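Undergrad: This is the structure, below, for whatever I ask next.
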Amino acid sequence: DGGITQSPKYLFRKEGQNVTLSCEQNLNHDAMYWYRQDPGQGLRLIYYSQIVNDFQKGDIAEGYSVSREKKESFPLTVTSAQKNPTAFYLCASSIANSPLHFGNGTRLTVT
Amino acid sequence: ILNVEQSPQSLHVQEGDSTNFTCSFPSSNFYALHWYRWETAKSPEALFVMTLNGDEKKKGRISATLNTKEGYSYLYIKGSQPEDSATYLCAFYSSNTGKLIFGQGTTLQVKP
């Protein structure tokens, strides 16, 4: 079955530690996206990539980094520079003008 | 930052009521407008992708219209059912950046 897999579902980290969220897709989609959701807010774009080895900053990229070395994979690293990292993170992919396919999300808690 | 606004923020209706929400987006650099339904404990699911001014799309009791010149889209639900309870998100796809920017969503609660 094709789809997007995000892991883990829940992640706990201490403040000051970097943490990487995994996103893998087997849909052969060119574009991949990372969004963040906070309580009472919509989805805010962190980074996106339209092709392998290329990615662009979204609206809230500060404190985050990504890589796109393979078409299937778009990992997101939350660095210690991100001031409020506790949030729900959603990864998505798409092709051409098709709608996004979303993963199930990772809930990150930093204490 | 591109501004995509949805209203109302939340809505409570009785089963059988019809309802509608609004999505406002920039009228320049338009490429597409997406609508998604996000149920609790699930991933967002696509409802419609709209690309042409005047587009109307329908899926069962849910329909949507698009006005790209004035920068708005309406989502209509006819005869709301409890299973329609969800957050409805619109997203604007910009032709010059390739970004897909979401509004903050409208949360619908349908009471039986």
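Values quoted throughout were computed directly from the atomic coordinates according to the rules given, and no laboratory measurement underlies them. Since this is a predicted model, take the numbers as computed values, not measurements. All Cβ positions, glycine included, derive from the backbone under ideal geometry; neighbour counts span all protein chains shown.
Undergrad: Please list the equivalent ellipsoid semi-axes of segment B:49-109, computed as the square roots of five times the alpha-carbon gyration tensor eigenvalues, in descending order and whole angstrom.
TA: Working: eigenvalues 106, 44, 15 Å².
Value: 23, 15, 9 Å, ordered largest first.
Undergrad: Here's a follow-up. Which of the GluC sites (Glu not before Pro) found in segment B:23-112 are in a DSSP loop and have at most 15 neighbouring Cβ atoms, other than their own, within 10 Å? Working shown, then result.
TA: Values: sites: B:GLU39, B:GLU45, B:GLU56, B:GLU70, B:GLU83; in loops: B:GLU39, B:GLU70.
Taking segment B:23-112 and a limit of 15 other Cβ atoms within 10 Å, the loop GluC sites (Glu not before Pro) found are B:GLU39, B:GLU70.
Undergrad: Also, I was wondering about something else. How big is the convex hull of the Cα atoms of the protein assembly as shown, per residue, in Å³? Could you put the intermediate results ahead of the total?
TA: Working: hull volume 26.9 nm³, N = 223.
Given the Cα convex hull of the protein assembly as shown, per-residue volume reads 121 Å³.
Undergrad: Per residue of segment B:76-82, in order, report the coupling 6.51 cos²θ - 1.76 cosθ + 1.60 (Karplus, θ = phi - 60°) as ³J(HN,Hα) in whole Hz, putting x for Gly and Pro.
TA: Rounded to whole hertz, the list is 10, 10, 9, x, 3, 10, x.
Undergrad: Hey, what's the Kirkwood Rh for chain B if you take every pair of different alpha carbons, in angstrom?
TA: Numbers: mean 1/r = 0.0714 Å⁻¹.
Kirkwood hydrodynamic radius for chain B: 14.0 Å.
Undergrad: How big is the charge dipole of segment B:23-112 about its Cα centre, in debye rounded to the nearest 20, if each Lys and Arg gets +1 on its Cβ and each Asp and Glu gets -1 on its Cβ? Spell out each step's value before the answer.
TA: Numbers: 10 positive and 7 negative charges, 20 e Å.
With only Lys, Arg, Asp and Glu charged at Cβ, the dipole is about 100 debye.
Undergrad: Two decimals is fine: what is log10 I(q)/I(0) at q = 0.19 Å⁻¹ for chain A, from a Debye sum with one equal scatterer on every Cα and no solvent?
TA: -0.92
Undergrad: Now for a separate question. Please sort by residue number the GluC sites (Glu not before Pro) in segment A:61-103 whose DSSP state is loop and whose Cβ has at most 15 other Cβ atoms within 10 Å.
TA: Numbers: sites: A:GLU62, A:GLU69, A:GLU72; in loops: A:GLU62, A:GLU69, A:GLU72.
Sites meeting the loop and neighbour criteria: A:GLU62, A:GLU69.
Undergrad: Something else: Rounded, prolate or oblate: pick one for segment B:30-76, where a ≥ b ≥ c are the square roots of the eigenvalues of its C-alpha gyration tensor, a/c under 1.5 means rounded, and failing that, prolate if a/b is larger than b/c, else oblate.
TA: Working: a/c = 2.56, a/b = 1.76, b/c = 1.45.
It comes out prolate by the Cα gyration axes.
Undergrad: What net charge is computed for the residues neighbouring B:PRO82, neighbours being all others with C-beta under 9 Å from the C-beta of B:PRO82, Lys and Arg scored +1, Asp and Glu -1?
TA: Net local charge, B:PRO82 excluded: -2.
Undergrad: Please state the relative contact order of chain B as a whole percent: Cα pairs under 8 Å, 6+ residues apart? Don't skip to the answer; put the middle values down first.
TA: Working: 280 pairs, mean separation 41.7, N = 112.
Relative contact order for chain B comes out at 37 percent.
Undergrad: Only Cα pairs under 8 Å and at least 6 apart count here; give the relative contact order of segment B:1-53 as a rounded whole percent. Walk me through the numbers before you get to the answer.
TA: On the way: 48 pairs, mean separation 14.9, N = 53.
Relative contact order comes out at 28 percent.
Undergrad: Averaging sequence separations of C-alpha pairs under 8 Å and six or more residues apart, then dividing by the length of chain A, give the relative contact order as a whole percent. Walk me through the numbers before you get to the answer.
TA: Details: 283 pairs, mean separation 39.0, N = 111.
Taking the mean separation of contacting Cα pairs over the length of chain A, I get 35 percent.
Undergrad: While we're on this one: Using alpha carbons only, how many angstrom separate the centre of segment A:1-32 from the centre of segment B:46-82?
TA: Between the Cα centre of segment A:1-32 and that of segment B:46-82, the gap is 31 Å.
Undergrad: Now, a different point. Calculated FRET efficiency, A:TYR10 and A:SER80, Cβ-Cβ r, R0 25 Å, to nearest 0.05? Could you put the intermediate results ahead of the total?
TA: Working: r = 20 Å, r/R0 = 0.80.
Here the calculated transfer efficiency is 0.80.
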